[in-house]
Each structure stands twice: as structure tokens, then as C-alpha cells.
Amino acid sequence: WAAPNAGAGLALLFHVLIIFVPPPNNAAGFSVSALRWLFFFLEPDALRAVLRRGAATLFSPAVLAGTAASAAIVAAAWKAATHEYFFDTAVVCYAVAFVPLLCAAARGGTTSQPRQQQRTRRGSSSSSSCAVILAVVVAILYGFAAEVFLFDHMSPNMFSNQRFHGSSNHLLAPTGLAFRHGDPLLASVVRVDAVEPPAALSDLAPAEVTAAFPERVRHLLKATGHSGRQFHPVLARVIGPQAVAGKLPDDRDAAFTVPALEFRRMLQHLSDAPHQPNTTRTTTTVVWFAVLDGVEGDEAWRRESLASAAVLVVSTSLGADNVTTVAETACTPTTTSSLACDIALAPPPPRGLAKVLAYLALPIIRDESWTEVHCYGP
């Protein structure tokens, strides 16, 4: 608060590092979201001066240099935003807004009088105060209460390998409480051990992106104690499975866990898989999966626990009219408990619930005994 312009300038430069990180990071949208809030931290007269300079200084050396720098930044952003499967518009949007905001942050200004005026106006407007209080309450509920009880795939999730199912690893607060005492058809923890063919689900979960990393990056990760493998279910959710690079050819397919609600959504994905128009195709997918014993545990529990297991076979016939879809599903229990098949054969989750709640798969690498959840996310 002592030097808001300096803080805003540092934040701008920090997010430049984020937007130019190559795929599969793709977190420029977060930087654009953060950018808009910097207007509230810049000195009011500094920002006003930059916006009012106009044609009088259009051809000054400083403006020409700034224009050249802006063009270079936007060109670099355009190149960084261009990927094989999509164009990341957030990178270019950030680059366009970066230069004027940085100029305002560098200009500085005297704001003691405007701040005094703001205090006067704030005290005289009770409606504005109520609006501010309401906004703060909504932000707290979304940013904290939602994580504690329900949500996973959302902005407040800081992508720090946080667990939203199967217990919590948050240092200060629990997460996913609503799923610890809910309906077993929604709240049970399901481990998918294998899928054949693997690509039927692997691009959606656990969405491995290791193949996108150069060899030197994988060596650096391993040198720090990392497995050298990385998973990015957010990329699969937001951009699409076609943007997921996959695993290395010699690596074993990773298992993963999800809440039963998410598992049922994934099975719906198998039935709704797209296909080429004017073609007929019949596909068969086999899923080996298990329901874990209880709803909380450590990493060993996620790897080894078993209360109910089954083999699911989904045969999907897609008609040439691009509309007809006939799916046949058969589930065979491999344990005395039928809970696994009850979950797999249950109808898809309600549309409203499925739209609001989306849970990310937590990967399991069979060849390693991790005591913490493996890295996933950007």
C-alpha cells in the first residue's frame, strides 16, 4: 500500500513470465484475469495522465519507443499463443494491455488529495458500502467456502497439487467436505486401474502431457526428485483432449482416482465420443476399476485400497447419420460387493450437477511409492 504503482509494475512483469511459458502451461487466461484488477491499485492521476496524453505526444521519442516495444511484445505473444491445436487469445490480450498499464505504473503521481476525496465519498454513500460488503462476502464464499465443501475445477484452486477428494492436504482448511458423507453413488472414490484402448479415457484423465516436454526438461525434473512425468487435466477440460500430448512410449499408463460423480461423467463421455460424419463405427472400451474402502486415506490407500471392483465393457455403435448412438454396457463384478457396478451402471449425473461440479483426476504412477499426491495441473 505504500507504493501501489511499484507493486502493480512488479505484478505486470511477473505475469509476463507466465504468459510466455510454453505449452502445456497455457495459464495466460489467469494472467488476463489478474490484469484487470491492477486498475484499482494504480495511482489514479498516473493512469489518467497516460490515457489523456493523446495526439500531443504521439510522435515523441518516448511514445515511438513504446510503440516499437509494444509491437515486439505483441508479435512475441502472437508466436507464443500459436499452438498445433488452438490459438491462445489470452496471451495476445495480455500483451496489448501490458504496455499502457506499465507506463502508468512507471509514471507515479501524487494521490493524497484524491484519496482524501475518496474517503469523503465513501463515508457519504451507504449504498456503495453495502455493495462493497456484498461483493466481499460473495468473494469469500466463492474463494473459501466453495473449496471447503464442493468445488475443484475453479479459479481459487491454486494448482498446488491440492486434494479435493480422498481427504485433504490443505495446510489450513479441509476440502471437499460434502463428498465425505454423501451418496455412495456420488461420493465414493473410484480408482481406474486400466483402460483398453488407453486413449479412450487417458486424454481426459489423467491427461498426461509428458510427451510435450523436451528431454532436457524431463532430466531437470528428475534431478529434483520429480518423476519426470506431468499431468494436466485442466488442459483437457478447457482446450480439449486433442491438446493433450500424452505419455512417452516406454512409460506405463498411469492409474487415477476420481469421485464417483466424475467417473459417471467420464462414462458418459465414452458414449458421446465424436466421430467422422458419414461413417459408421463400432468401438469397444474395457475399463478395469475399483471403489476404494472409505472416502479418506493417504497415497498408499489410493494405490492399494479395494472395497469393490469390476470390469466394465462399453460397446458404442455410431451411425452414419451422425446422430444415432446405441451403447451397450456390461459390468462384471470381480469382488463380492456390487457397489462398483452400481456406480458404473447408474445413469449419468443430473445435468445441472454435472455442469456445476467438475473434479480433476489425481494420477497414480504404479512404479513409484509417492507419499504426496503426484504433480498435476499447470
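Bear in mind these aren't lab numbers, they're just calculated from the coordinates by the rules spelled out. A quick note: this is a predicted structure, and the numbers were derived from the prediction, not measured. With ideal geometry, Cβ positions are generated from the backbone for all residues, glycine too; neighbour counts draw on all protein chains shown.
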* Report the extension gain between residue 185 and residue 173 in nm, rounded to one decimal, defined as 0.36 nm multiplied by the number of residues separating them, less their alpha carbon distance. => 1.8 nm
* Structure fact -> Once residue 332 and residue 34 are pulled to full extension, the length gained, defined as 0.36 nm per residue separation minus their Cα-Cα distance, is 102.4 nm
* Measure off 7 Å from each Cα along the Cα-to-Cβ vector at residue 252 and residue 89, then give the distance between these two points in nanometres to one decimal. => 4.4
* Structure fact -> Each label sits 7 Å from Cα toward the beta-carbon; between residue 307 and residue 131 the label points are separated, in nm, by 4.9
* To do: Quote to one decimal, in nm, the extra length available between residue 223 and residue 142 on full extension: 0.36 nm per residue of separation minus the C-alpha distance between them.
  => 25.4 nm
* Asked: So, by mean Cβ neighbours within 10 angstrom, what's the order for 260-267, 225-232, 209-216 with the highest one leading?
  -> 260-267, 225-232, 209-216
* Asked: R0 = 51 Å: FRET efficiency of residue 282 with residue 6, Cβ-based, nearest 0.05?
  -> 0.20
